[in-house]
Every structure is written in C-alpha cells, then in structure tokens.
1. Where in the range 81-187 are there strands (runs of 3 or more DSSP E), lying fully within it, with 3 or more residues that are touching a residue at least 60 places away in the same chain (Cβ under 8 Å)?
2. Condition test on Asn132, is it polar (S, T, N, Q), at pLDDT 95 or above and open to solvent by 60 Å² or more (accessible area, probe 1.4 Å)?
3. Which one of these is of a type in the set (A, V, I, L, M, F, W, C) and either open to solvent by 60 Å² or more (accessible area, probe 1.4 Å) or in contact with a Ser or Thr (Cβ under 9 Å, 6 or more places away or on another chain) (or both): Phe143, Phe182?
4. For the range 154-177, give me each residue that is of a type in the set (A, V, I, L, M) and farther than 13 Å from Gly138 by Cα.
5. Would you confirm whether any residue within the range 28-39 is touching a Gly at 6+ places or on another chain (Cβ under 8 Å) and either touching a residue at least 24 places away in the same chain (Cβ under 8 Å) or of a type in the set (A, V, I, L, M, F, W, C) (or both)?
6. Open to solvent by 50 Å² or more (accessible area, probe 1.4 Å), small (Gly, Ala, Ser) and modelled with pLDDT of 95 or more, is that true of Gly151?
7. Restricting to the range 82-92, name every residue that is open to solvent by 50 Å² or more (accessible area, probe 1.4 Å) and either more than 16 Å from the ligand (Cβ to nearest atom) or under 14 Å from Ser36 (Cβ atoms) (or both).
Amino acid sequence: MNSCKYLILASGTGSNAEALMKTAKENNINVCGLFSDKSNAEVLTKAKKYEVKTFTTEEKDNKDEIFFKLSQVIEELKPDWLLLAGFMRILPTKILQRFFDEELQQYRVINIHPSLLPKYPGLGGYRQAYENGDTSTGLSIHFVDEGLDTGKLILQKSFSIAESKNLEEVIEKGKSFENKYFPEILLKIHNGNKKDLLNELSF
Ligand code: GAR
C-alpha cells in the first residue's frame, strides 16, 4: 500500500478541498482521506466523487470527541501532511506535534485563510473586508501553529474589491483565487520543494 501523504480537513462547501483533490488526481498525488467535523458537510459528497475516503463525526460530538476521532484517523492513515481547506477549528497542540518537521522547523500543517493576515484572523475575513469598505482584500496560505491564524506565511495574494457589488461577489472572487493557489502549494510539496515554502512565494 502507498504511504499516506495528505489528509484534508474541511468543514463546509469544499471548493478548496475539491481543487486539491482534482489536482491530486491529475498528478497522481496520494490524498488518502478527508476528515470533516460536520457530518452533513457538502465537502463529503465531493470527496466521494474523487474516491477519497471520508471520515466524519456525529452531530452530538463535542470538541474533545471530534479531536479524539481525528487523532484516530491520523493514527490509522499516518499522513505526512494535513491540509486545512475551510476547516473551522483550532487544532490542539497534541495533534500539531505529530507533524513537526525538523527540516522546516514547522508543523507539516497548512491552512488557507480568507484575508491578508495578520488582518482579520478568525471567521469571516471577506465579510469583514467588505463591511469595512476595504477596496482590496486577499487570501493567505500559511503554516499552522498553536495560535489563531498566526503561523508563518507561505503565500498571499491580494485583489481589488472596489467594484464588487455585494459580499457574494467578493467571496466568489476570493474563492476562485484560493482554488487556484492552494493546489499550487500542494504541487510544490509533491515535487519535493517543501523548503520553498519557507520563502515568500510568487506564482
Ligand atoms: C474559504 O474561503 C477559506 O479560506 C475559509 O473558509 C472558506 C471555505 O470554503 N477558511 C477559513 O475561514 C478558515 N478559518 P470552501 O469550503 O469552499 O473551501
């Protein structure tokens, strides 16, 4: 059996997870599972379409139960990397530590976030930018650490929202960039260039 390289974590619609799974399929990259903390998340259907094994929790599960189940999945699959594609929880240190990479001095855990960090950490990055009347916003891809969206930045991409008519348009624009750049990072790692992630990347 091929060793497990990437486990995706996702909570919602799954446009980023789908972009990752599509790129993985086209490039023979071993995405060996998708874990969702929401048992009815749309992303689970998308994973099935790409024949990626899914793992989920039950609606009644509390935070500890969710992370216990995630730990079990990690023990079973032994992935090298976690890719957080719209995963709306902060990972406990105990899980992060399992992914510490000596060479990178980082956890092999990557998140995509809808703002130009350090601006707007947490939820609703695009919404906050839009409601505050910002003329531009952007996305960040970063290593995950113990904080809330505080890990080392890998890539940022800004775009104008001055002409956007409503929040939906901002989100749509943002996600189209997210869906383009997250797979680029996956390809970088897959092609053996993980150390490039430590430098500021431009595509
Ligand atoms: C994306 O915009 C992602 O950046 C954001 O959730 C959305 C998920 O969309 N992530 C966070 O806010 C993490 N705190 P998707 O389910 O279509 O990929």
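The values are calculated or read from the model by the stated rules, or taken from the named source; none is laboratory data. Note that the structure is predicted; figures quoted are calculated from it, not measured. Cβ coordinates were reconstructed from backbone atoms using ideal geometry, including for glycine residues, and neighbour counts include every protein chain displayed. When the accessible area is computed, the model is the full protein with side chains, heavy atoms only, and any ligands, DNA or RNA have been set aside. Shrake-Rupley method; radii C 1.70, N 1.55, O 1.52, S 1.80 Å.
1. Hits in the range 81-187: 81-84.
2. Yes.
3. Being of a type in the set (A, V, I, L, M, F, W, C) and either open to solvent by 60 Å² or more (accessible area, probe 1.4 Å) or in contact with a Ser or Thr (Cβ under 9 Å, 6 or more places away or on another chain) (or both) holds for just one of Phe143, Phe182, which is Phe182.
4. Selection gives Ile154, Leu167.
5. Yes, some residue in the range 28-39 is touching a Gly at 6+ places or on another chain (Cβ under 8 Å) and either touching a residue at least 24 places away in the same chain (Cβ under 8 Å) or of a type in the set (A, V, I, L, M, F, W, C) (or both).
6. no
7. Hits for the range 82-92 are Met88, Arg89.
Listed here are the residues, each with its yes/no results for (1) closer than 25 Å to Lys188 by Cα; (2) of a type in the set (Phe, Trp, Tyr); (3) within 14 Å of the ligand (Cβ to nearest atom).
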position	(1), (2), (3)
Leu96	yes, no, no
Glu102	yes, no, no
Arg108	yes, no, no
Asn111	yes, no, yes
Tyr120	no, yes, yes
Gly151	yes, no, yes
Leu155	yes, no, yes
Phe159	yes, yes, yes
Glu163	no, no, no
